[in-house]
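What follows is a set of notes on a single structure, which appears directly below.
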Amino acid sequence: MERVLSGIKPTGKLTLGNYIGALKNFKNYQDNYETFIFIADLHALTMPIDPEELRQNSIDIVAFYLAAGLDPEKTTIFLQSDVPAHSELNTIIQNYHYMGELSRMTQFKDKSRKMNNSAIGLGIFAYPVLMSADILLYNSDYVPVGEDQTQHVELTRDFVHRFNERYKTNVFKMPKAITPKVGARIMSLSDPTKKMSKSDPKGDIFLKDDLKVIRKKIMSAVTDLDTNIYYDPENKPGISNLLTIYAALSEISIEEAEATFKDLHRYGDFKKAVADKVIEVLEPFQQRYNEIIKSNVINGILNDGAKKASLVANKTLLEVKKIVGLYVHE
Ligand code: ATP
Ligand code: LTN
């Protein structure tokens, strides 16, 4: 059976961008693929974060996974740091990743630009190496992510070519990123030329926001001076972003969303329809999340997940150790 793997890093409160670009799509795989979905807590350490916040965010993400329809009987849900093979494979394969290619990664350039040069940690630079390890340990065929992460999967693909060629092996499977047709890049509501990002909370909708706050944020989303509603991300980024949100949450195409609103010439009415849709989806989602947090299921799920993930990951790690010459005795 083909495998699917993805993760979200517990760096802050999850946004509607995370939901549309990643979270809501994960459940679509669990019936037909062997699915591994994890909490990338080691990746969260790549930027400064308070320990208690990191712990809470990690628990939150498990609850979000379940609220988004992941079934632990079908999907292996685990914490990255519970499976030491991730760190061990990272140590091995970092030697086949090049400084030049890592320094060209958009995420690294964006994050390091915002920091004082002397305080940029090695982890944010080496981020894609650990991500390669995550993907390759599970022989993943598909990696569902938002658009901003596709560059990292491309880097993994380059590495797979290089390593398999160097050792004349096929130990690493060639992974492929999958981005959603609609909503791979949800933009900020206050500046629709920028990505909605949980570590840059202006213009965000957080999944845990009060529903009234969500409505208010959408009603005051930045748009333009025109009155026509159609998709044109270059000239109408705000309206295009709202159309994308509406289409993604309604599971329809952008064209169908445009058709829904073609006779409407009042942005206020359009924004109200978008807010209604977001609330229609997030209200039951928040209820499920609250029930899960109150229940005591999370520990058990993470314990089981760690065991199941380790079995698969350790097997790959051992093969790699043999290939590079690290396996000397029984
Ligand atoms: P940070 O701002 O801390 O870098 P982030 O909001 O980009 O975080 P990640 O944990 O990096 O969140 O992303 C989790 C998943 O959500 C990834 O697959 C990512 O591509 C996707 N994602 C994040 N932001 C968006 C967005 N604005 N639109 C669509 N998908 C997104
Ligand atoms: N970098 C991803 C999180 C992540 C990931 C992965 C996603 C870490 N390892 C492996 C897919 C596959 C992000 O969402 N920022």
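The values are calculated or read from the model by the stated rules, or taken from the named source; none is laboratory data. Computed from a predicted structure; not experimentally measured. Glycine gets a Cβ as well: all are built from the backbone with ideal geometry, and neighbour counts include every protein chain shown. These accessible areas exclude ligands, DNA and RNA; they are computed on the full protein's heavy atoms, side chains included. Shrake-Rupley method; radii C 1.70, N 1.55, O 1.52, S 1.80 Å.
One table, with the values for the structure above:
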item: Solvent-accessible ranking of THR76, THR193, THR179, largest area first, probe 1.4 Å; result: THR193, THR179, THR76
item: Residue-by-residue Karplus 3J(HN,Hα) for the stretch 20-28, coefficients 6.51, -1.76, 1.60, Hz, glycine and proline x; result: 6, x, 9, 3, 5, 8, 4, 5, 5
item: Derived scalar couplings ³J(HN,Hα) [the stretch 202-208; Karplus, 6.51 cos²θ - 1.76 cosθ + 1.60; whole Hz; x for Gly, Pro]; result: 6, x, 8, 10, 8, 5, 9
item: Distant-in-sequence amide H partners of ALA184 (H built 1.01 Å from N, under 5 Å); result: none
item: Amide H within-cut-off set for ALA177, under 5 Å, with H built and near neighbours excluded; result: VAL143
item: GNM flexibility winner over the chain from ASN32, ASN117, ASN314 (Cα, springs under 10 Å); result: ASN117
item: HN-Hα J in Hz across the stretch 302-313 - Karplus 6.51, -1.76, 1.60, θ = phi - 60°, x for Gly and Pro; result: 5, 5, 4, x, 4, 5, 5, 5, 4, 4, 6, 5
item: Accessible area expressed per residue, the chain, with surrounding protein chains retained (probe 1.4 Å, Å²); result: 49
item: Net charge of neighbours whose Cβ lies under 11 Å from the Cβ of LEU189, counting Lys and Arg as +1 and Asp and Glu as -1; result: +3
item: Net charge, ILE93 excluded, C-beta distance under 15 Å - Lys, Arg +1, Asp, Glu -1; result: 0
item: Whole-percent carbon and sulfur share, accessible surface of the stretch 59-100, 1.4 Å; result: 51
item: Considering only the chain, percent of DSSP beta bridges that pair antiparallel, nearest 5; result: 15
